[in-house]
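The values are calculated or read from the model by the stated rules, or taken from the named source; none is laboratory data. Everything numeric in this text was worked out from a predicted model, so none of it was measured. Don't worry about glycine lacking a Cβ; one is built from the backbone with ideal geometry, like all the others, and counts go over all protein chains shown. Surface accessibility is based on the protein's heavy atoms, side chains included, excluding ligands, DNA and RNA. Shrake-Rupley method; radii C 1.70, N 1.55, O 1.52, S 1.80 Å.
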Amino acid sequence: MPEHHIKPSRFDGAMNATIAWLARRGVSFFGTAELSVVGRKSGEWRRVPVNPLSLDGERYLVSPRGASQWVRNIRAAGGGRLRLGRRTHTFTATELPEGAEKTEALRAYLDRWGWEVKSFFDGVTAKSSDDELARISPLHPVFRVTVTDGANTDGAATDSAVTAAGAPAAGA
């Protein structure tokens with residue numbers, strides 16, 4: 001079975017570029033950050049705005065569009081960087097298997113951003129049953145993010161940046 005992926009429209013691409021540009025300058029909508037990950041084919045850094053999710057002391061990245069390019073790249077690279085303004089955090093990423101942790105992360109993501117990403121989740125919401133979330137779960141990769149650097153580029157402690165749940169980004 002081919003992987004599920006909803007390609008961004010031209011409008012989404014333009015919005016993503018604007019949101020990423022703002023994140024690089026420290027302007028965040030509800031915590032949006034810029035994800036940078038090395039391209040699996042090009043070897044060059046690729047950037048996209050994402051909605052980092054904090055839940056029970058852990059950080060997650062959820063792909064509402066499915067196996068997008070950033071998902072494929074992070075699977076190959078095993079991690080990347082999250083940036084908000086001058087604060088950059090290097091991290092490793094562990095893809096969650098199907099199960100309770102992934103379902104809980106998806107529910108929290110939909111609770112926070114369902115109004116913006118609902119079209120990607122086939123009618124499933126944060127209030128949907130566990131069975132409904134389990135049905136769509138294989139279509140939406142979720143990664144647990146573990147920050148690996150001791151300090152970010154402006155010298156502040158790593159816990160101070162990109163810890164709040166992120167904001168809606170069209171391609172996130």
Notebook entry, point to check: Out of Leu53, Ser42, Thr32, whose Cα points farthest toward the positive end of the dipole of the range 9-111 (charges: +1 Lys, Arg; -1 Asp, Glu; placed on Cβ)?
Noted result: Ser42
Checklist line | Debye log10 I(q)/I(0) for the range 53-131, one point scatterer per Cα, at q = 0.15, 0.18 Å⁻¹ | finding: -0.60, -0.86
Check: In the range 8-73, carbon and sulfur make up what percent of the accessible area (probe 1.4 Å)?
Finding: 56 percent
Next item on the list: Determine the per residue accessible area of the range 33-72 with all protein chains present and a 1.4 angstrom probe, expressed in square angstrom.
Entry: 39 Å²
Next item on the list: At 1.4 Å probe size, with no ligands or nucleic acids counted, give the accessible surface of His4 in Å², nearest ten.
Entry: 60 Å²
Checklist line | Under Karplus coefficients 6.51, -1.76 and 1.60, residue-wise ³J(HN,Hα) of the range 13-29 in Hz, glycine/proline x | finding: x, 5, 5, 4, 4, 5, 5, 5, 4, 5, 4, 4, 9, x, 9, 10, 8
